[in-house]
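Structure record follows, encoded as structure tokens.
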Amino acid sequence: MKELMQALRAASIQAILAADDAENLENLRVRYLGKKGELTGILRQMGKLSAEERPAMGQMANQLRTEIENAIEARRTELNKAMLEKKLELETVDVTLPAKDVRIGHKHPMYNVLDQIKEIFIGMGFEIVDGPEVELADYNFTKLNIDEGHPSREWTDTFYFTEDSKILLRTQTSPMQVHAMETKSLPIRMIAPGRVYRKDEVDATHSPMFHQIEGMVIDKGVTMADLKATLNLVVEKIYGEGTVTRFRPHHFPFTEPSCELDIQCHKCGGKGCPTCKGEGWIEVLGAGMVHPKVLSGCGIDPDVYSGWAFGMGLERLAMGEYKITDLRLIFENDVRFLEQF
Ligand code: DAH
């Protein structure tokens with residue numbers, strides 16, 4: 001029996017030292033010390049011993065149990081420590097390594113121009129308003145005095161959603177004039193920048209989607225002189241002091257009188273050059289005094305109130321400011337192009 005225990009000691013200690021994970025170790029514990037384990041098996045044979053031999057053997061068995069338990073415990077501690085070390089090693093972060101290159105973008109050139117314009121108008125007490133791009137024909141046309149049958153309502157020019165031509169993608173930001181007059185209390189000073197849509201083929205100067213900025217003032221005693229003074233000021237802020245302007249008569253259904261504002265070509269000083277296509281002048285925007293019919297249609301008494309409005313193309317402005325020669329570059333989002341601004 002003594003020999004059996006010595007053999008068990010040797011074998012178990014060796015196996016425990018070789019165990020390489022917690023599960024392995026637990027299996028060994030059951031194998032040696034469990035109810036049906038090897039040590040219990042040896043102890044069952046105590047009955048065969050003489051009464052003198054028994055106490056010594058019992059003591060030896062107890063000692064062996066303690067030894068095996070201690071060995072298991074020691075190995076468990078060792079394995080835990082190794083595991084922790086391995087985990088820490090795996091999670092090591094080398095803070096001295098160079099960081100990944102983070103590419104930070106910047107504002108799109110067209111939005112730089114828009115921000116500049118917003119600043120100018122905010123400085124004059126205007127508010128910035130936003131409105132729907134999916135619009136009712138009523139707002140895009142009818143309430144702006146553009147009646148059924150007007151060429152700009154043609155299916156060939158406008159993206160309609162419904163057969164009855166009642167819902168569309170707005171073709172201009174002018175419906176924002178109507179929204180503002182219907183919902184805001186007077187007086188009104190607002191600009192409304194946003195996307196507009198027309199059935200145009202894409203080329204260097206056309207896109208089926210582009211941006212306009214609408215502006216409007218409604219108050220008592222507003223005249224064409226206010227329109228001219230305000231727009232002259234805006235032009236000077238955008239194109240520089242002393243920029244020469246010209247207000248040319250024009251027709252828009254929703255303003256009366258209507259005009260277009262040209263600036264004298266800043267490149268050639270009016271002599272004619274490629275920038276102004278030999279004209280000496282560059283068209284900047286359309287404007288006019290809000291038509292009395294439009295005012296009264298929005299519930300504003302044209303005998304008490306008057307107002308002026310303008311609409312301008314944002315892309316064209318940005319192209320002029322940054323000397324961009326092809327409209328498509330503005331929408332293509334090619335980083336090689338955008339990086340230049
Ligand atoms: N909506 C016009 C266009 O798309 C531009 C315009 C002209 C707007 C005169 C106005 C205005 O507010 O008064 O061509």
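Have a look at MET216, LEU314, LEU49 and report the one farthest towards the positive end of the charge dipole of the chain, computed about the Cα centre with Cβ charges (Lys/Arg +1, Asp/Glu -1).
LEU49
Among PRO187, VAL134, TYR160, whose Cα sits farthest toward the positive end of the charge dipole of the range 103-197 (+1 at Cβ of Lys/Arg, -1 at Cβ of Asp/Glu, about the Cα centre)?
PRO187
Charges on Cβ only, +1 for Lys and Arg, -1 for Asp and Glu, centred on the Cα centroid of the range 2-90; of ILE68, ALA11, GLY58, which one is farthest towards the dipole's positive end?
GLY58
What is the Rg over Rh value, at two decimals, for the chain, using alpha-carbon atoms and the Kirkwood definition of Rh? Don't skip to the end; give the middle numbers.
Values: Rg = 43.4 Å, Rh = 27.2 Å.
My calculation puts Rg/Rh at 1.60.
On the protein heavy atoms, probe 1.4 angstrom, tell me the percent of accessible surface of the chain carried by carbon and sulfur. Walk me through the numbers before you get to the answer.
On the way: 10560 of 19750 Å².
Carbon with sulfur: 53 percent of the solvent-accessible area.
Would you mind estimating how fast the range 188-236 diffuses translationally, via Stokes-Einstein at 20 °C and 1.002 mPa s with the Kirkwood radius over Cα pairs, in µm²/s?
Translational D for this selection: 162 µm²/s.
Per residue, how much accessible surface does the range 79-171 expose to a 1.4 Å probe? Answer in Å², no decimals. Spell out each step's value before the answer.
On the way: 6620 Å² over 93 residues.
Value returned for the range 79-171: 71 Å² of accessible area per residue.
With axes computed from alpha carbons, what is the tilt in degrees of helix 109-123 against the longest principal axis of the chain, rounded to the nearest 10 within 0 to 90?
With both axes taken from Cα atoms, the answer is about 60 degrees.
At 1.4 Å probe size, with no ligands or nucleic acids counted, give the accessible surface of TRP281 in Å², nearest ten.
60 Å²
Rounding to the nearest 20 debye, state how big the charge dipole of the chain is about its Cα centre with +1 on each Lys and Arg Cβ and -1 on each Asp and Glu Cβ. Present the calculation step by step, with values, prior to reporting the outcome.
Numbers: 41 positive and 52 negative charges, 309 e Å.
Magnitude of the dipole: close to 1480 debye.
Can you tell me the dipole magnitude for the range 1-95 around its Cα centre, using point charges on the Cβ only (Lys, Arg +1; Asp, Glu -1), in Debye to the nearest 20? Mind showing how you got there, number by number?
Details: 15 positive and 16 negative charges, 139 e Å.
The dipole magnitude comes to about 660 debye.
If we sort 93-102, 320-329 on the protection proxy, mean other Cβ atoms within 10 Å, highest first, what's the order?
Numbers: 93-102: 5.6, 320-329: 15.1.
In descending order of packing, they fall as 320-329, 93-102.
Starting from the Cα gyration tensor of the range 1-52, take the square roots of the eigenvalues, sort them a ≥ b ≥ c, and report rounded, prolate or oblate (rounded when a/c is under 1.5, otherwise prolate if a/b is larger than b/c, else oblate).
On the way: a/c = 5.20, a/b = 2.06, b/c = 2.52.
Cα axes put the range 1-52 in the oblate bin.
In whole angstrom, how far apart do the alpha carbon centroids of the range 138-167 and the range 216-243 sit?
30 Å
DSSP loop GluC sites (Glu not before Pro) in the range 231-272 with at most 15 other Cβ atoms within 10 Å of their Cβ, which ones? If you can, show how the numbers build up before the last one.
Working: sites: GLU236, GLU241, GLU260; in loops: GLU241.
Qualifying residues, ordered by number: GLU241.
The values are calculated or read from the model by the stated rules, or taken from the named source; none is laboratory data. These numbers were taken from a predicted model, which means no experiment stands behind them. Every residue, glycine as well, gets a Cβ built from its backbone with ideal geometry; the counts of neighbours run over all protein chains shown. Accessible surface is based on the protein model in full, side chains and every heavy atom, while ligands, DNA and RNA are left aside. Shrake-Rupley method; radii C 1.70, N 1.55, O 1.52, S 1.80 Å.
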